[in-house]
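Everything below concerns the one structure shown next.
Computed from the coordinates by the stated procedures, all read-outs in this text should not be read as laboratory data. Only a predicted model underlies this, so the values are computations on that prediction, with no experimental measurement involved. Cβ: placed from backbone, ideal geometry, glycine included. Neighbour counts: every protein chain shown.
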Amino acid sequence: MENRTRVLYVDDNPKSSRLLSSVLEECGFQVIVKNDPVEALALCKRTDFDLALLDYEMPAMSGARLAKEIKRFLPHIPVILISGRLKLPAAELAFADAHFGFGTARDDLLWTMRILAEPKVVSMDSHRPHHMGMTRWADST
C-alpha cells in the first residue's frame, strides 16, 4: 500500500498542471490531476484523496465554488486555493483552508500541504477523520 499523501490538483491550464504536478511528485506527493472542475467534482465522489489543491480562476467553475462543493461531500478534506492574485475576498476563502497567491514560495506551499494533510484521527462519535490541531487559515499572504 502506498503511503504518500494523495493530492487532487485541479487547474484548467494543462501546462501549469503538468509543471506543478511534476514538482509535487518529486516532493513525495501522489497527484491526481484534473483540468476540468466538473470532472474533478465527479471524481471526488468515487476516489480517495488527502488534500485538494485548486486553481482559483477556472471558466466552468471557480476554485472557490469547487472548494464549497468538495467540503459539502468531504468536509474533512483540506482545500488549498492557488491563484495569481495577492489576495482573495474573504467570502471566496470560506471553504478553503489556505490560499497561496502571486509570489508564493514553493516551500511555503509544500510545507502547508504537508501540515494540512497530517495523519488524521477518528472521532468516537462520527467515524469521520478530523485533523489534529488544525485551524482554518484565511490567507497566507
Extension reserve of the LYS68-GLU25 stretch, reckoned as 0.36 nm per residue once the Cα distance is removed: 12.9 nm
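On a 20 Å Cα-Cα criterion, which of the cross-link pairs LYS45/LYS68; LYS15/LYS87; LYS15/LYS71 come out too long?
Details: LYS45/LYS68 14 Å; LYS15/LYS87 23 Å; LYS15/LYS71 27 Å.
Those over the limit are LYS15/LYS87; LYS15/LYS71.
Quick check for me: using +1 on Lys/Arg Cβ and -1 on Asp/Glu Cβ, what's the dipole size of the stretch 6-131 about its Cα centre, in debye to the nearest 20? Please report the intermediate quantities before stating the final value.
Details: 16 positive and 17 negative charges, 48 e Å.
About 240 debye.
Among 83-90, 59-66, what's the highest-first ranking by average C-beta atoms within 10 angstrom per residue? Show your work: numbers first, answer last.
Values: 83-90: 13.8, 59-66: 18.9.
Highest to lowest by the protection proxy: 59-66, 83-90.
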In Hz, Karplus ³J(HN,Hα) per residue of the stretch 72-87 (6.51, -1.76, 1.60; θ = phi - 60°; x = Gly, Pro): 5, 8, 9, x, 7, 7, x, 10, 10, 9, 10, 7, x, 9, 5, 9
In order through the stretch 48-53: 3J(HN,Hα) via Karplus (6.51 cos²θ - 1.76 cosθ + 1.60), integer Hz, x for Gly, Pro: 8, 8, 9, 7, 10, 10
The stretch 101-112 - phi-based ³J(HN,Hα) in whole Hz, Karplus 6.51/-1.76/1.60, Gly and Pro as x: x, 3, x, 5, 6, 3, 5, 5, 4, 4, 4, 5
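Of all DSSP beta bridges in the stretch 6-131, what percent run antiparallel (nearest 5)? Show your work: numbers first, answer last.
Working: 3 of 19 bridges.
For the stretch 6-131, the DSSP antiparallel bridge percentage is about 15.
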Separation in nanometres of the label points that stand 7 Å from Cα toward Cβ, at ASN13 and LEU43: 1.8 nm
Whole-Å semi-axes of the stretch 6-131's equivalent ellipsoid (Cα gyration tensor): 21, 17, 15
